[in-house]
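Encoded as structure tokens, the structure appears first; notes follow it.
The values are calculated or read from the model by the stated rules, or taken from the named source; none is laboratory data. Note that this is a predicted model, so its numbers are computed, not measured. So basically every Cβ, Gly included, is an ideal-geometry build from the backbone, and we count neighbours across all protein chains shown.
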Amino acid sequence: MTTSQRRLAQLSATCVALALAMPSTTLAAAVPPSPSRLAAATADVATAAIAREHIPGLQIAIIRNGQIVLVLGSPGGSRIITTVLQVIVNVVDHGMLPQEAVDAPRIHHQWLPDEIFAEPFALSSDTVQILTDQGYRVTVQAPWGAAEVVAVPHANATEHTRSQVADSAIEASLRSGFIYGAHDARRPAGSAIGY
């Protein structure tokens, strides 16, 4: 297992643990469904209604050296954890700025149904072909979910600095002393506000 895969597994476990700790979260929504639970849900209408119960939202704060550096969250349903996790991975592992991390295309898989859902451009056509050849079912869907991020860079933060092109409209680094909000245009009614 590579370092990135280990980090991804740890973050995923942390997201699930945090989701379970929230009073408004149900166990059925935060933990992947078992095949027996899903089989019962498909056979019984009352159980299916319970299986559709969703997490109303998940908020996470990332703290480094005792200081909040990132606060993010997402509303509704079975894709919350993958939405939040992908934004964290985009910022931490891929060095994206918060808005880039929120805007990046997403993928989702939740065990059952055994299907990979991808937003347009999330997977290259050759990747989709390789997955299909290996027996996976890949479905491209319209963008989903919404993530809001507030980033608070500190004086010693360096992971969000990169070279800047002379005519770039986007600042190439986050400056200490400022609070940056990143809003997900997938759901235009939201906003990211920090103070």
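Numbers below:
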quantity	calculated
Where a residue in segment 133-153 is of a type in the set (Asp, Glu) and its partner, wherever it lies, is surrounded by 21 or more Cβ atoms within 10 Å (Cβ to Cβ) and part of a loop (DSSP other than H, G, I, E, B), with Cβ under 9 Å and at least six apart	GLU148/ASP184; GLU148/ALA192
Qualifying position, being among the aliphatic types (A, V, I, L, M), at pLDDT below 95 and either surrounded by 15 or more Cβ atoms within 10 Å (Cβ to Cβ) or in contact with a Pro (Cβ under 8 Å, 6 or more places away or on another chain) (or both), among LEU112, LEU131, LEU123	LEU112
In segment 92-109, residue surrounded by the fewest Cβ atoms within 10 Å (Cβ to Cβ) [restricted to those that are over 17 Å from VAL140 (Cβ atoms) and free of Cβ contacts under 8 Å to residues at least 40 places away in the same chain]	HIS94
Which numbered condition GLU53 misses (of (1) modelled with pLDDT of 85 or more; (2) part of a loop (DSSP other than H, G, I, E, B); (3) among the charged types (D, E, K, R))	(1)
Test: SER74 is in contact with a strand residue (DSSP E or B) (Cβ under 9 Å, 6 or more places away or on another chain), over 19 Å from TYR180 (Cβ atoms), touching a residue at least 12 places away in the same chain (Cβ under 8 Å) and polar (S, T, N, Q)	no
Residue in segment 148-191 that is nearest to the chain's Cα centre (by Cα), counting only those that are at pLDDT below 85, of a type in the set (Gly, Ala, Ser) and surrounded by 11 or more Cβ atoms within 10 Å (Cβ to Cβ)	GLY190
